[in-house]
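This report refers to the structure that appears directly beneath it.
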Amino acid sequence: MPQRKVAYTTIVHERGCVYNFNFHLVFVTKYRKEVFDSPEKVEEMKGLLQKRADMSDIQIQEMEVMPDHVHMLISFSPKQRPVDVVKGLKGWTARKWFELHPETKQMLWGGHLWSPSYFMSTLGDMSKEVVKNYIASQYTAAMKKQQNGKYGELERKRRKRN
């Protein structure tokens, strides 16, 4: 199944919000077992992940399925909770995987495909320092507008009276 790639700097406009969320998501197989040990299995898991992402309105920008873990660069609406996105991806793909490959359960004690943990980090176009400086500069810019505009005029009149 071909991956739908989205540009990293895509700003998404939805009713009620505009966002540019990008997340690096990594999750591993239970006990780090090398389940995806052939190109066919890798492609099957990529297909399952893409199908679930499409069902959940998650954009996969990059994805690699390694023998014992998955790396994804994803984007989704801020209306979705990250924990729910991860649970949906892991739970649905595990059920479908075991339907396709029931023999895999014998490799994994307890019959779980994925470890319960995961790693997720946010990515952005700007560094934290750039955003902090931008926010700090907003006060100065707003004050200049205020002084040159209506509020500045009122303040000048007030000063003249005193």
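The values are calculated or read from the model by the stated rules, or taken from the named source; none is laboratory data. What you see is a predicted model; the values in this text were computed from it and never measured. With ideal geometry, Cβ positions are generated from the backbone for all residues, glycine too; neighbour counts draw on all protein chains shown. SASA here: full protein model, heavy atoms, side chains in, ligands and nucleic acids out. Shrake-Rupley method; radii C 1.70, N 1.55, O 1.52, S 1.80 Å.
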Practice task
Name, by its number, the condition in (1) in contact (Cβ under 8 Å) with a residue 40 or more places away in the chain; (2) open to solvent by 50 Å² or more (accessible area, probe 1.4 Å) that does not hold for Y19.
Solution key: (2)
Handout entry: Selected residue (criterion: modelled with the highest pLDDT) from residues of the range 1-16 that are under 12 Å from L73 (Cβ atoms) and open to solvent by 90 Å² or more (accessible area, probe 1.4 Å)
Key = Y8
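Among the candidates P78, P39, P82, P67, which residue alone is without any contact (Cβ under 8 Å) to a residue 24 or more places away in the chain and not polar (S, T, N, Q)?
Of P78, P39, P82, P67, the one residue that is without any contact (Cβ under 8 Å) to a residue 24 or more places away in the chain and not polar (S, T, N, Q) is P39.
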Handout entry: Test: H24 is in a strand (DSSP E or B), surrounded by fewer than 17 Cβ atoms within 10 Å (Cβ to Cβ) and without any contact (Cβ under 8 Å) to a residue 60 or more places away in the chain
Key = no
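Could you check the range 29-62 and list, in sequence order, the residues that are in a helix (DSSP H, G or I), open to solvent by 70 Å² or more (accessible area, probe 1.4 Å) and either within 24 Å of M107 (Cβ to Cβ) or small (G, A, S) (or both)?
Let us first name the residues in the range 29-62 that are in a helix (DSSP H, G or I), namely 30-32, 39-55.
Among the residues that remain, those that are also open to solvent by 70 Å² or more (accessible area, probe 1.4 Å) are: 31-32, 39-40, 43, 51, 54-55.
Matches in the range 29-62: Y31, R32, P39, E40, E43, K51.
For the range 71-162, which fully contained helices (runs of 4 or more DSSP H) count at least 2 residues that are at pLDDT 95 or above, surrounded by 11 or more Cβ atoms within 10 Å (Cβ to Cβ) and of a type outside the set (K, R)? Outline the logic, then answer.
Working: elements: 82-100, 104-107, 128-148, 150-161.
Passing ranges, in order: 82-100.
Pick from K87, K105: which is free of Cβ contacts under 8 Å to residues at least 12 places away in the same chain and either under 29 Å from D125 (Cα atoms) or among the aromatic types (F, W, Y) (or both)? First the steps, then the outcome.
On the way: K105 fails: either under 29 Å from D125 (Cα atoms) or among the aromatic types (F, W, Y) (or both).
That would be K87, the only listed residue that is free of Cβ contacts under 8 Å to residues at least 12 places away in the same chain and either under 29 Å from D125 (Cα atoms) or among the aromatic types (F, W, Y) (or both).
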